[in-house]
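The values are calculated or read from the model by the stated rules, or taken from the named source; none is laboratory data. The structure presented is a predicted model; accordingly, all values stated were derived computationally and were not measured. Cβ atoms come from the backbone with ideal geometry, glycine included; neighbour counts cover every protein chain shown. The protein model used for the area step is the full one, side chains on, heavy atoms only, and it has no ligands, DNA or RNA in it. Shrake-Rupley method; radii C 1.70, N 1.55, O 1.52, S 1.80 Å.
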Amino acid sequence: MRCNSWLALGKLLQLRLGRSRRQISRGIALAARPTDKNDRATIRRTLHYFWGVTRQKMGAFVLSIVSSVGYIALLTFANTYVMGLIVDRVQASPVSADQVLPVFGPYVLALLVVNAVGQTLSKLQDYSVYKLEINGDYQLSRLCFDTLSNQSMTFHNSRFGGSLVSQTSRFVSGYSGLIDVVTYSLWPTLASIVLTVGILAPIAPLFVIILVAMLVLYVFIAYGMYRRILPLSAEASRAQNKLSGVLSDAVTNILAVKTYGREDYERGLFTTADREAMAAENTNMRATMRRGFTTSALITIIMFVVSIFVVGGNAWFGISAGTLVMMFTYTYNLTMRFNYFNSMMQRINRALGDATEMTRVLDEPTLVADDTDAKPLEVTDGRIDFEGLRFRYPDAPQDDYVFEDLNLHIPAGQRVGLVGRSGSGKTTLTKLLLRLDDVQEGRVLVDGQDVSHCTQQSLRRQVAYVPQEALLFHRSIRENIAYGKPGATEEEIRRAAEEANALEFIERLPDGFDTMVGERGVKLSGGQRQRVAIARAILVDAPILVLDEATSALDSESEALVQGALENLMRGRTSIVVAHRLSTVVDADRIYLLSDGRIIESGTHAELMERSQIYRDVYDSQMREEGEQHGQS
């Protein structure tokens, strides 16, 4: 199931990778933003998410603590304690050969039990980690997928798809890394501190006081360094995510790279991002190494003090040889734990740093969200009303409105054409109908129901959307056609393909409906991709249809086939046709001419040709251009 989530996430994100260079540049800027002052708040939020999934497996979490503490207590401390008793017994008086087993047998049996139980706890420790990580990977992957899939198109258009995939992967691996370091390093270290102090305090109180003082100093210095290094780990993670985004963008658009001979240019972009990532990693590495040298010096001083107590413990304090062995072993184990404290903090740094960017994404407000009491949209007629629309994109300047007080009524079952120059608001209007963005003022109504108070999924299931570039998944043709109706029968799929004028070319393919179409459908021609997309819309059988320049990128032959398919699709539906070429909407019941977010003319084709000079000039100009193109061909 986790694998399916990753595939679905990748497919969701790849839909947006063919966007403009302006958006790409903006994505790079966002990925490369400097560390802000809220890093500590972000860390707290990351731990909040991590703790949320850990609580779901509280039994495994408690087991990880018990097994870690028990493992250390038995295999490190109990083993050494028994060995200390054996040394003291050997030193006390000689033992004859025939008395070895009677005298030392209980000690040997104790060591056997201690090691057997300790090894069992070690395996339970591994089991608890597996349980926590499997659950965490699944839950956090799903959390990221749900968050990304429910974000608005404004959010997605401003980001690298590859970076979001990388951030998701790092967020999930950050949790696994943190669970590993907590279970295998943190709990054993804490247990070692408590057990060392608890056992040695009654025996050598002065030694324990000095040891604790030095360990407190060690922790204080190490933590101070850790706080300074954490932003460097986050910066290194950001640089790696940016690198993933640049790589993903180049690979996804490899045809453009090759056809324009821009391999060297893309290599330059990648090299720049790669060097930035390497520089960030080196900066992080140097800071970590400086901390390592400092903490290692403190460990050396601690072991020097231990050595003094070991060599003089018997003479100065009357401590037995077995107890001195125990003191040395316990303290050495503890100092080694603290020596790994540097590595442990580095791994914690890495885990939290890797998760930082996705945490920020998870905490971003959802620009388009369902009301808590949102109801499913129920379409009976398909009547559409845009009332007093005032809209600007969330990332646009405050006064840069696409629409201001726009009103448009589309009767049920009517075919409506939206025409106008690029940037006039045609496509934006359809996005507001689909609620890919929310209006600031006004309402979008379907059969009198405000779409902002309906669930988004129910709305979009009532609207069949066919864009200029067909949105196909790297799956079979059958799966792509049935995407909007997963339970469709073979007969229904074939009928939809036939009505879309796609059945003939599909049956000529070696694998027919089982043909894999490639990423974004690259194995099919433009006309074939579009007809598969139309077949999908026909199969959905939604009462409202939106065609967003569905034929503008096709040649004449493909356009004729697609146009015939669209006629079948529009039959009996409320249809909105966004068109650049006016010839595609001449049969519409009503045509609206938009300019700068305003409706400046409306009527049938004949009415507009009669009374609108603007419409007539545009139409005549396009007809001349098409005639010249046909003449040249």
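Overview of values
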{"item": "Exclusive hit being modelled with pLDDT of 85 or more, touching a helix residue (DSSP H, G or I) at 6+ places or on another chain (Cβ under 8 Å), assigned to a helix (DSSP H, G or I) and surrounded by 18 or more Cβ atoms within 10 Å (Cβ to Cβ), set Y175, Y127", "result": "Y175"}
{"item": "Only one of R415, R435 that is out of contact with any Pro (no Cβ under 6 Å at 6 or more places or on another chain) and either open to solvent by 50 Å² or more (accessible area, probe 1.4 Å) or among the acidic types (D, E) (or both)", "result": "R415"}
{"item": "Qualifying position, being farther than 14 Å from P467 by Cβ, at pLDDT 80 or above and part of a loop (DSSP other than H, G, I, E, B), among A542, A535", "result": "A542"}
{"item": "Any hit, the stretch 489-497, residues being surrounded by fewer than 16 Cβ atoms within 10 Å (Cβ to Cβ), out of contact with any Cys (no Cβ under 8 Å at 6 or more places or on another chain) and in a loop (DSSP other than H, G, I, E, B)", "result": "yes"}
{"item": "Residue match in the stretch 64-80 (condition: farther than 18 Å from A355 by Cβ, modelled with pLDDT of 75 or more and assigned to a loop (DSSP other than H, G, I, E, B))", "result": "no"}
{"item": "Every residue from the stretch 505-532 that is open to solvent by 60 Å² or more (accessible area, probe 1.4 Å) and either hydroxyl-bearing (S, T, Y) or free of Cβ contacts under 8 Å to residues at least 40 places away in the same chain (or both)", "result": "E507, R508, P510, D511, D514, K523"}
{"item": "Pairs where the first residue, in the stretch 119-145, is within 15 Å of I65 (Cα to Cα) and the second is of a type in the set (S, T, Y) and open to solvent by 60 Å² or more (accessible area, probe 1.4 Å), C-beta under 8 Å, 6+ apart", "result": "L121/Y71; S122/Y71; Q125/Y71; Q125/Y184; V129/Y184"}
{"item": "The stretch 190-207 residues that are at pLDDT below 85, paired with ones that are open to solvent by 50 Å² or more (accessible area, probe 1.4 Å) (beta carbon under 7 Å, 6 or more apart)", "result": "A204/F317"}
{"item": "Identity of the residue in the stretch 438-469, outside any strand (DSSP E or B) and in contact with a Phe, Trp or Tyr (Cβ under 9 Å, 6 or more places away or on another chain), that ends up surrounded by the most Cβ atoms within 10 Å (Cβ to Cβ)", "result": "V439"}
{"item": "Failed item, numbered, when F171 is tested on (1) touching a residue at least 12 places away in the same chain (Cβ under 8 Å); (2) over 28 Å from R286 (Cα atoms); (3) among the aromatic types (F, W, Y)", "result": "(2)"}
{"item": "Any hit, the stretch 389-401, residues being under 18 Å from S452 (Cα atoms) and surrounded by fewer than 16 Cβ atoms within 10 Å (Cβ to Cβ)", "result": "yes"}
{"item": "Boolean, L352 is among the aliphatic types (A, V, I, L, M), modelled with pLDDT under 90, farther than 19 Å from V463 by Cβ and surrounded by fewer than 19 Cβ atoms within 10 Å (Cβ to Cβ)", "result": "no"}
{"item": "Meets criteria (of a type in the set (F, W, Y), farther than 25 Å from T356 by Cβ and open to solvent by 50 Å² or more (accessible area, probe 1.4 Å)) for Y138", "result": "no"}
{"item": "Every pair of residues 6+ apart whose Cβ atoms lie under 8 Å, when the first sits in the stretch 488-504 and is at pLDDT below 90 while the second is open to solvent by 70 Å² or more (accessible area, probe 1.4 Å)", "result": "L503/R494"}
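Yes/no matrix, rows are residues, columns are (1) touching an Asp or Glu at 6+ places or on another chain (Cβ under 8 Å); (2) open to solvent by 10 Å² or more (accessible area, probe 1.4 Å); (3) on the phi > 0 side of the Ramachandran plot; (4) modelled with pLDDT of 85 or more:
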| site | (1), (2), (3), (4) |
| --- | --- |
| L569 | yes, no, no, no |
| I576 | no, no, no, yes |
| A579 | yes, no, no, no |
| L593 | yes, yes, no, yes |
| T604 | yes, yes, no, yes |
